[in-house]
(Lines give C-alpha, C1' and ligand atoms only; values in the text may rest on other atoms or scores of the structure.)
Protein backbone atom coordinates (compact mmCIF):
# COMPACT_ATOMS: atom_id res chain seq x y z
CA UNK A 1 0.00 0.00 0.00
CA UNK A 2 1.38 3.43 -0.96
CA UNK A 3 -0.70 5.66 1.27
CA UNK A 4 1.87 8.06 2.75
CA UNK A 5 1.08 10.42 5.62
CA UNK A 6 0.94 14.20 5.46
CA UNK A 7 2.36 16.53 8.12
CA UNK A 8 0.94 19.90 9.14
CA UNK A 9 0.94 22.28 12.06
CA UNK A 10 -1.89 21.60 14.49
CA UNK A 11 -2.75 24.54 16.71
CA UNK A 12 0.05 26.60 18.19
CA UNK A 13 2.29 23.81 19.46
CA UNK A 14 1.18 20.68 17.70
CA UNK A 15 1.65 18.56 14.60
CA UNK A 16 -1.03 16.50 12.88
CA UNK A 17 0.09 13.48 10.89
CA UNK A 18 -2.69 12.19 8.63
CA UNK A 19 -3.29 9.15 6.44
CA UNK A 20 -6.23 8.53 4.05
CA UNK A 21 -9.47 9.07 5.94
CA UNK A 22 -10.77 5.55 6.36
CA UNK A 23 -10.95 2.82 8.99
CA UNK A 24 -8.32 0.39 7.84
CA UNK A 25 -6.15 -2.04 9.87
CA UNK A 26 -3.01 -1.32 7.81
CA UNK A 27 -3.38 2.45 8.18
CA UNK A 28 -3.99 2.18 11.90
CA UNK A 29 -0.91 0.01 12.30
CA UNK A 30 1.09 2.73 10.53
CA UNK A 31 -0.38 5.26 12.99
CA UNK A 32 0.73 3.13 15.95
CA UNK A 33 4.20 2.60 14.46
CA UNK A 34 4.57 6.35 13.96
CA UNK A 35 3.40 6.89 17.53
CA UNK A 36 6.04 4.48 18.83
CA UNK A 37 8.75 6.12 16.72
CA UNK A 38 7.86 9.66 17.86
CA UNK A 39 7.71 8.61 21.51
CA UNK A 40 11.11 6.92 21.39
CA UNK A 41 12.95 9.39 19.12
CA UNK A 42 11.57 12.75 20.25
CA UNK A 43 10.75 12.11 23.90
CA UNK A 44 12.52 15.32 25.01
CA UNK A 45 10.51 17.51 22.63
CA UNK A 46 6.96 16.22 23.01
CA UNK A 47 4.31 16.54 25.70
CA UNK A 48 2.05 13.74 24.49
CA UNK A 49 0.76 11.95 21.41
CA UNK A 50 -2.85 11.09 20.60
CA UNK A 51 -3.41 8.33 18.01
CA UNK A 52 -6.74 7.89 16.21
CA UNK A 53 -8.06 5.74 13.35
CA UNK A 54 -6.00 7.43 10.63
CA UNK A 55 -4.14 10.29 12.30
CA UNK A 56 -1.66 11.08 15.04
CA UNK A 57 -1.62 14.36 16.95
CA UNK A 58 1.72 15.28 18.47
CA UNK A 59 1.76 17.99 21.14
CA UNK A 60 5.10 19.75 21.52
CA UNK A 61 6.78 21.57 24.35
CA UNK A 62 6.47 25.33 23.95
CA UNK A 63 10.19 25.82 23.30
CA UNK A 64 10.13 23.50 20.26
CA UNK A 65 9.94 25.11 16.81
CA UNK A 66 7.04 23.43 15.02
CA UNK A 67 8.38 23.85 11.48
CA UNK A 68 11.77 22.48 12.41
CA UNK A 69 10.17 19.58 14.22
CA UNK A 70 8.06 18.71 11.16
CA UNK A 71 11.19 18.71 9.00
CA UNK A 72 12.98 16.34 11.39
CA UNK A 73 9.89 14.16 11.61
CA UNK A 74 9.54 13.93 7.83
CA UNK A 75 13.21 13.08 7.46
CA UNK A 76 13.04 10.44 10.13
CA UNK A 77 9.82 8.88 8.82
CA UNK A 78 11.17 8.72 5.27
CA UNK A 79 14.07 6.46 6.28
CA UNK A 80 13.78 2.70 6.12
CA UNK A 81 13.99 2.26 9.89
CA UNK A 82 11.77 -0.66 10.83
CA UNK A 83 9.46 -0.01 13.75
CA UNK A 84 8.32 -3.16 15.52
CA UNK A 85 5.29 -2.81 17.75
CA UNK A 86 5.09 -4.60 21.07
CA UNK A 87 3.25 -7.88 21.54
CA UNK A 88 -0.48 -7.53 21.04
CA UNK A 89 -2.97 -9.30 23.24
CA UNK A 90 -6.51 -10.62 22.99
CA UNK A 91 -8.68 -9.56 25.93
CA UNK A 92 -11.87 -11.52 26.53
CA UNK A 93 -14.69 -9.27 27.71
CA UNK A 94 -17.68 -10.91 29.44
CA UNK A 95 -20.96 -9.20 28.47
CA UNK A 96 -24.49 -9.74 29.71
CA UNK A 97 -26.95 -8.99 26.91
CA UNK A 98 -30.06 -9.34 29.12
CA UNK A 99 -32.66 -6.66 28.45
CA UNK A 100 -32.07 -4.86 31.76
CA UNK A 101 -28.55 -4.07 30.53
CA UNK A 102 -29.46 -3.73 26.85
CA UNK A 103 -32.01 -0.97 26.46
CA UNK A 104 -31.53 -0.72 22.68
CA UNK A 105 -30.93 -4.32 21.66
CA UNK A 106 -34.55 -4.92 20.59
CA UNK A 107 -34.48 -1.75 18.49
CA UNK A 108 -31.19 -2.79 16.86
CA UNK A 109 -32.71 -6.20 16.06
CA UNK A 110 -35.84 -4.56 14.63
CA UNK A 111 -33.87 -2.13 12.46
CA UNK A 112 -32.01 -5.02 10.85
CA UNK A 113 -34.99 -7.40 10.79
CA UNK A 114 -33.21 -10.04 12.85
CA UNK A 115 -33.72 -11.57 16.28
CA UNK A 116 -32.05 -10.44 19.50
CA UNK A 117 -30.16 -13.75 19.61
CA UNK A 118 -28.83 -13.05 16.10
CA UNK A 119 -27.64 -9.61 17.23
CA UNK A 120 -25.78 -11.24 20.12
CA UNK A 121 -24.32 -13.98 17.90
CA UNK A 122 -23.08 -11.45 15.32
CA UNK A 123 -21.66 -9.21 18.04
CA UNK A 124 -19.73 -11.97 19.82
CA UNK A 125 -18.27 -13.62 16.70
CA UNK A 126 -15.50 -11.18 15.61
CA UNK A 127 -12.13 -10.35 17.09
CA UNK A 128 -12.24 -6.55 17.37
CA UNK A 129 -9.18 -4.36 17.09
CA UNK A 130 -8.74 -1.48 19.52
CA UNK A 131 -7.97 1.32 17.08
CA UNK A 132 -7.66 4.07 19.67
CA UNK A 133 -8.95 5.33 23.02
CA UNK A 134 -10.99 8.52 23.27
CA UNK A 135 -14.23 10.32 24.07
CA UNK A 136 -14.03 9.04 27.66
CA UNK A 137 -10.90 7.94 29.57
CA UNK A 138 -10.03 4.50 28.22
CA UNK A 139 -13.08 4.30 25.90
CA UNK A 140 -12.08 1.82 23.16
CA UNK A 141 -13.09 2.43 19.55
CA UNK A 142 -13.32 -1.10 18.17
CA UNK A 143 -13.09 -1.99 14.50
CA UNK A 144 -14.48 -5.20 13.02
CA UNK A 145 -18.20 -4.89 13.66
CA UNK A 146 -20.34 -7.04 11.35
CA UNK A 147 -21.74 -4.65 8.71
CA UNK A 148 -25.18 -6.14 9.30
CA UNK A 149 -25.13 -4.56 12.78
CA UNK A 150 -24.14 -1.05 11.67
CA UNK A 151 -26.72 1.18 13.38
CA UNK A 152 -26.93 4.99 13.45
CA UNK A 153 -26.34 6.74 16.76
CA UNK A 154 -29.39 7.75 18.76
CA UNK A 155 -31.02 11.01 17.67
CA UNK A 156 -31.26 12.09 21.30
CA UNK A 157 -28.26 11.64 23.59
CA UNK A 158 -29.00 9.91 26.89
CA UNK A 159 -28.11 11.95 29.93
CA UNK A 160 -26.76 8.88 31.70
CA UNK A 161 -25.16 5.65 30.49
CA UNK A 162 -23.75 3.34 33.14
CA UNK A 163 -20.09 2.33 33.01
CA UNK A 164 -19.45 -1.04 31.40
CA UNK A 165 -22.24 -0.52 28.86
CA UNK A 166 -21.41 -2.08 25.49
CA UNK A 167 -22.79 -0.17 22.53
CA UNK A 168 -22.98 0.25 18.77
CA UNK A 169 -22.56 3.61 17.05
CA UNK A 170 -22.60 3.53 13.25
CA UNK A 171 -20.15 0.87 12.08
CA UNK A 172 -18.28 0.84 15.39
CA UNK A 173 -18.73 -0.84 18.74
CA UNK A 174 -17.32 0.37 22.03
CA UNK A 175 -17.56 0.29 25.81
CA UNK A 176 -18.50 3.15 28.13
CA UNK A 177 -15.67 3.06 30.65
CA UNK A 178 -17.22 5.46 33.15
CA UNK A 179 -20.73 6.76 33.84
CA UNK A 180 -21.45 9.29 31.12
CA UNK A 181 -23.99 10.80 28.74
CA UNK A 182 -24.03 8.90 25.46
CA UNK A 183 -25.70 8.52 22.11
CA UNK A 184 -24.71 5.01 21.07
CA UNK A 185 -27.11 2.03 21.04
CA UNK A 186 -26.75 0.07 24.28
CA UNK A 187 -26.82 -3.70 23.69
CA UNK A 188 -25.23 -5.11 26.87
CA UNK A 189 -23.01 -4.51 29.85
CA UNK A 190 -19.71 -5.87 31.12
CA UNK A 191 -18.85 -6.10 34.82
CA UNK A 192 -15.16 -5.39 34.18
CA UNK A 193 -13.34 -2.23 35.21
CA UNK A 194 -12.03 -0.55 32.07
CA UNK A 195 -10.61 2.60 33.62
CA UNK A 196 -9.46 2.78 37.22
CA UNK A 197 -6.46 3.76 39.31
CA UNK A 198 -6.32 0.09 40.38
CA UNK A 199 -5.47 -0.98 36.80
CA UNK A 200 -1.95 -0.79 35.45
CA UNK A 201 -1.70 2.37 33.27
CA UNK A 202 -5.31 3.10 34.41
CA UNK A 203 -6.86 1.56 31.27
CA UNK A 204 -7.63 -2.13 30.73
CA UNK A 205 -7.25 -1.84 26.94
CA UNK A 206 -4.61 -0.21 24.76
CA UNK A 207 -4.49 0.70 21.06
CA UNK A 208 -3.44 -2.36 19.09
CA UNK A 209 -5.10 -4.83 21.47
CA UNK A 210 -7.84 -7.17 20.29
CA UNK A 211 -11.15 -7.78 22.05
CA UNK A 212 -13.35 -10.86 22.05
CA UNK A 213 -16.79 -10.47 23.62
CA UNK A 214 -18.17 -13.46 25.54
CA UNK A 215 -21.85 -13.76 26.38
CA UNK A 216 -22.59 -14.39 30.06
CA UNK A 217 -25.80 -14.87 32.00
CA UNK A 218 -27.02 -12.40 34.61
CA UNK A 219 -25.95 -14.87 37.30
CA UNK A 220 -22.41 -15.06 35.91
CA UNK A 221 -22.33 -11.26 35.51
CA UNK A 222 -23.12 -10.90 39.22
CA UNK A 223 -20.56 -13.57 40.17
CA UNK A 224 -17.83 -11.79 38.19
CA UNK A 225 -18.79 -8.46 39.73
CA UNK A 226 -18.43 -9.94 43.23
CA UNK A 227 -15.04 -11.42 42.32
CA UNK A 228 -13.88 -8.03 41.03
CA UNK A 229 -15.02 -6.29 44.20
CA UNK A 230 -13.11 -8.82 46.31
CA UNK A 231 -10.02 -8.58 44.10
CA UNK A 232 -10.19 -12.21 43.02
CA UNK A 233 -11.13 -11.87 39.34
CA UNK A 234 -8.46 -12.26 36.68
CA UNK A 235 -9.19 -10.80 33.26
CA UNK A 236 -8.66 -13.37 30.51
CA UNK A 237 -5.80 -12.30 28.24
CA UNK A 238 -3.71 -14.15 25.71
CA UNK A 239 -0.94 -13.24 23.32
CA UNK A 240 -2.06 -12.77 19.73
CA UNK A 241 0.03 -14.75 17.26
CA UNK A 242 -0.22 -13.13 13.81
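The values are calculated or read from the model by the stated rules, or taken from the named source; none is laboratory data. Just so you know, these numbers come straight off a predicted model, no measurement behind them. Here the Cβ is made from the backbone with ideal geometry for all residues, glycine too, and neighbour counts use every protein chain on show.
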Scanning the range 1-26 for residues that are touching a helix residue (DSSP H, G or I) at 6+ places or on another chain (Cβ under 7 Å) and assigned to a strand (DSSP E or B), which turns out surrounded by the fewest Cβ atoms within 10 Å (Cβ to Cβ)? 9
How many of the residues in the range 27-49 are surrounded by fewer than 17 Cβ atoms within 10 Å (Cβ to Cβ) and part of a strand (DSSP E or B)? 2
Restricting attention to the range 147-180, the residues that are more than 19 Å from residue 96 (Cα to Cα) and assigned to a loop (DSSP other than H, G, I, E, B) number exactly 8
Options 151, 173: the member that is in the same structural domain as residue 224 (by TED's automatic domain parsing), touching a helix residue (DSSP H, G or I) at 6+ places or on another chain (Cβ under 8 Å), closer than 20 Å to residue 25 by Cα and crowded, with 22+ Cβ neighbours inside 10 Å: 173
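One line per residue, one yes/no per condition, for (1) free of Cβ contacts under 8 Å to residues at least 40 places away in the same chain; (2) within 13 Å of residue 207 (Cβ to Cβ):
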residue	(1), (2)
19	yes, no
36	no, yes
41	yes, no
47	yes, no
62	no, no
74	no, no
Can you confirm whether the range 181-193 contains a residue that is out of contact with any strand residue (DSSP E or B) (no Cβ under 9 Å at 6 or more places or on another chain), free of Cβ contacts under 8 Å to residues at least 40 places away in the same chain and not in a strand (DSSP E or B)? yes
